[in-house]
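First the structure, in the form of structure tokens, and then the observations on it.
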Amino acid sequence: MPISKLLSEIPDSYFGKTMGRKVEHGPLPLINMAVGIPDGETPKVIVDEFIKAVQKPENQKYGAFHGKDTFKQAIVDFYKRQYDVDLDKEEEVCILYGTKNGLVGLPICVVEPNDYVLLPNPGYTDYLAGVLLARAKPYSLELTPEHQYLPQWDDIEPEILDKTKLIYLTYPNNPTGSVANTEFFDETIAKFKDTQTNIIHDFAYSAFGFDQKNPSILQSEGAKETAVEIFSLSKGYNMSGYRVGFAVGNKEMIAALKKYQTHTHAGMFGALQDASTVALNECDDFLIKQNEIFKTRRDQFEASLREVGIPFEPMKGGIFLWLQTPPDYDGEAFVEYLLQEVSILVAPGVPFGDNGQNYVRISLALSDDELLEGAKRLQGLAHLYK
């Protein structure tokens, strides 16, 4: 079967390749800690609205390409209420059919071939595909535990920054669980707002900030001159199967993304928009409860590892824990060891960048019983770290 040269040069999506595959494991019941699919149910008020909205005749026909006014207004109101950020619902909001579509599609919209794009290392695996589809040049944005996985702009060669047209950031960070504060965003916007460099902030895990609320990059002065933020309903609202998100911020990037989507999509199903409108308008309390659940899980899981001296990176936000591998293992070897010896499936660190070579990513999006059992099995491997 033919495949284009461009597509053949793009690596397979790690999760596209691995999700749903049959896993051979040891004798214990398998605990899947590899995928970040929220384990809870969608709030009833959202489901009820979706059921009702499916039955509306107007939702059974083509809708407006760029979304319902009610949904866009809910986005505007949500950002004002949560972050005190003002948005224009027509020029600074773009509805997305899953945030991945925006994250992968934006480089095609806003960079030229051979422009440099900085990608966080470690960071979400599929940013790279968007850069390669745009025929741009990916460049590693080094993130290290010494700096809490925040980029050090002064450490990047000026000639690289001069060629850089786009930077991806993601906080809370997937996979490390690190977070950014307002000061970091202020410094970043101040550095790039008068340049030709734009910023995409992947805010998929916005709901999960355990020591303080996660700030929006758009709260920084001048942010809308250079930045867009990608927000997901999947994690905070337990709506991963609905595939709903949105981009907000810089009007030029939003306009480009909306134009792109008119050629690749024909408007989001109206019932999805109605359900998502209820989520944004009526479920702030649910976001608080969701954060509390994962904070408790974080506290208990980290305590289990700390008790036996297993090293990990402090998890400040998100739903993943970044676990160091034992001295004699890289991430991929340790994944296989865990699978065969204790029947735990985790994700290797390398797909997130070569800085993840000696790490694995553990999802806490499991039931309390599964997390407790997983922690016990890991405690039994403490001798590997001695």
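The values are calculated or read from the model by the stated rules, or taken from the named source; none is laboratory data. Everything quoted here is computed from the prediction, not taken from an experiment. Here the Cβ positions follow ideal geometry from the backbone for every residue, glycine too, while neighbour counts run over all protein chains shown. Only protein heavy atoms, including side chains, enter the accessible area calculation; ligands, DNA and RNA are left aside. Shrake-Rupley method; radii C 1.70, N 1.55, O 1.52, S 1.80 Å.
For this structure, a couple of remarks:
- Residue check, Glu302 free of Cβ contacts under 8 Å to residues at least 60 places away in the same chain and under 20 Å from Lys235 (Cα atoms): no
- The range 260-282 residues that are modelled with pLDDT of 90 or more and of a type in the set (Ser, Thr, Tyr), paired with ones that are assigned to a helix (DSSP H, G or I) and open to solvent by 20 Å² or more (accessible area, probe 1.4 Å) (beta carbon under 6 Å, 6 or more apart): Tyr260/Cys109; Thr277/Thr70
- When residues of the range 290-318 are limited to those that are farther than 24 Å from Glu146 by Cβ and β-branched (Val, Ile, Thr), the one least open to solvent (accessible area, probe 1.4 Å): Val308
- So Val346, is it in contact with a Gly (Cβ under 7 Å, 6 or more places away or on another chain) and within 16 Å of Leu321 (Cβ to Cβ): no
- Within the range 44-56, residues that are over 14 Å from Tyr237 (Cβ atoms) sit with their Cβ atoms under 7 Å from residues that are surrounded by 12 or more Cβ atoms within 10 Å (Cβ to Cβ) and not β-branched (Val, Ile, Thr), at 6+ positions apart or across chains, in these pairs: Ala53/Asn59; Ala53/Gly270; Ala53/Ala271; Ala53/Asp274; Ala53/Ala275; Val54/Ala271.
- Considering residues of the range 338-357 that are in contact with a Ser or Thr (Cβ under 9 Å, 6 or more places away or on another chain) and in a helix (DSSP H, G or I) only, the residue most open to solvent (accessible area, probe 1.4 Å): Asp354
- Residue in the range 207-218 that is closer than 28 Å to Ala34 by Cβ, buried (at least 21 other Cβ atoms within 10 Å of the Cβ) and among the small types (Gly, Ala, Ser) present: yes
- Residues of the range 201-256 satisfying the condition of being within 19 Å of the chain's Cα centre (by Cα), part of a loop (DSSP other than H, G, I, E, B) and of a type in the set (Val, Ile, Thr): Val244
- Among the residues of this structure, Leu150 does not count as one that is among the hydrophobic types (A, V, I, L, M, F, W, C), at pLDDT 95 or above and not in a loop (DSSP other than H, G, I, E, B).
- Just one residue in the set Val117, Val85 is open to solvent by less than 20 Å² (accessible area, probe 1.4 Å), part of a loop (DSSP other than H, G, I, E, B) and not acidic (Asp, Glu); that residue is Val85.
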